[in-house]
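Structure, as structure tokens:
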Amino acid sequence: MKIDVLTLFPAMFAGPLDESIVKRARAEGLLDLAIHNLRDYTHDRHRTVDDKPFGGGPGMLLKPEPIFEAMEKLSREKTRLILLTPAGRKFNHSIARELARQEHLLLVCGSYEGFDERVREALANDELSIGDYVLTNGALPAMVIIDAVTRLLPGALGDDQSAHDESFSCGLLEYPQYTRPAEFRGMKVPEVLLSGNHAEIEKWRLEQAKQRTKERRRDLLEQNGVVD
Ligand code: JCQ
């Protein structure tokens, strides 16, 4: 998969995408990631990316020209252009799965300045939010999405990792897990996990996962049609 990112803050991307699973996916050629500075698509002496809103009001807006020009240079036959903004639809694991099936993503980072509406109308295939809070810019949301999508690319996870029945893949939060020692500072691992009875262990885990999800995230059960 190819992912291009358009941002005013390319330096923010050094670090999170050079570690762990994303690093390995890049090294193995599963992910071809490129970060582009929006300012490189300007032509004036001051490399202007923003301007005042028509009609007045506070703040500035990202000018459409650099974004259109970048899109024209970067887009391919099957590009999905996604704006990162708190006004987008809320990103989740099923959207991550959907994005992992795409050939090419172009992630355009918004900022406090906001987009000229013509970018939305003419260019955006989608607008995504990573949650109900406002950040200074869309770089962190872009990295969150890249991380969540990359680990779903075929071959990105090791065998033991991909076999793992993680939270959200089955619609439930994870059950409690323990490793050695069997007793630590007086806290004991539940007896059933030491029993060797795999049927009982599976039953216990499912029960714990359901209970935990009901307590912490009833919305997930509702979303999956378990309760309403
Ligand atoms: C994304 N959740 C929060 C901030 C405006 C118009 O675009 C804007 C983009 C941002 C940066 O993204 C977020 C965000 N998901 O704050 C303001």
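Here is a yes/no grid of residues against (1) surrounded by fewer than 17 Cβ atoms within 10 Å (Cβ to Cβ); (2) away from the ligand (no atom under 16 Å from the Cβ):
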{"site": "Leu106", "(1), (2)": "no, no"}
{"site": "Gly138", "(1), (2)": "no, no"}
{"site": "Val144", "(1), (2)": "no, no"}
{"site": "Leu152", "(1), (2)": "no, yes"}
{"site": "Glu166", "(1), (2)": "yes, yes"}
{"site": "Gly186", "(1), (2)": "yes, yes"}
{"site": "Val192", "(1), (2)": "yes, yes"}
{"site": "Lys203", "(1), (2)": "yes, yes"}
{"site": "Gln208", "(1), (2)": "no, yes"}
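For the range 111-134, the set of residues classified as under 11 Å from Leu84 (Cβ atoms), open to solvent by 10 Å² or more (accessible area, probe 1.4 Å) and within 6 Å of the ligand (Cβ to nearest atom) consists of Ser111, Phe115, Ile130, listed by residue number.
Residue check: Arg76 meets all listed conditions (1) in a helix (DSSP H, G or I); (2) open to solvent by 70 Å² or more (accessible area, probe 1.4 Å); (3) touching a residue at least 24 places away in the same chain (Cβ under 8 Å); (4) more than 27 Å from Tyr133 (Cα to Cα) but one, namely (1). Selection of the range 46-63 for residues being within 16 Å of the ligand (Cβ to nearest atom) and surrounded by 10 or more Cβ atoms within 10 Å (Cβ to Cβ) yields Val49, Asp50, Asp51, Lys52, Pro53, Gly59, Met60, Leu61, Leu62, Lys63. Quick one: would you say Gln177 is closer than 25 Å to Lys214 by Cα, more than 10 Å from the ligand (Cβ to nearest atom) and either without any contact (Cβ under 8 Å) to a residue 60 or more places away in the chain or among the polar types (S, T, N, Q) (or both)? Considered against the rule, which asks whether it is closer than 25 Å to Lys214 by Cα, more than 10 Å from the ligand (Cβ to nearest atom) and either without any contact (Cβ under 8 Å) to a residue 60 or more places away in the chain or among the polar types (S, T, N, Q) (or both), Gln177 comes out as yes.
Screening Ala156 against (1) away from the ligand (no atom under 15 Å from the Cβ); (2) in a loop (DSSP other than H, G, I, E, B); (3) open to solvent by 50 Å² or more (accessible area, probe 1.4 Å) leaves a single unmet condition, (3).
If I filter the range 93-104 down to residues being of a type outside the set (S, T, N, Q) and not in a loop (DSSP other than H, G, I, E, B), which single residue comes out as farthest from the ligand (Cβ to nearest atom)? Among them, the one singled out is His104.
Checked against the criterion of being in contact with a strand residue (DSSP E or B) (Cβ under 8 Å, 6 or more places away or on another chain) and within 13 Å of the ligand (Cβ to nearest atom), the candidates Thr85, Thr79 yield just one match: Thr85.
The values are calculated or read from the model by the stated rules, or taken from the named source; none is laboratory data. Keep in mind it's a predicted model, so treat the numbers as computed, not measured. Heads up, the Cβs are rebuilt from the backbone with ideal geometry, glycines too, and the neighbour counts pull from every protein chain shown. Accessible surface areas use protein heavy atoms only, side chains included; no ligands, DNA or RNA. Shrake-Rupley method; radii C 1.70, N 1.55, O 1.52, S 1.80 Å.
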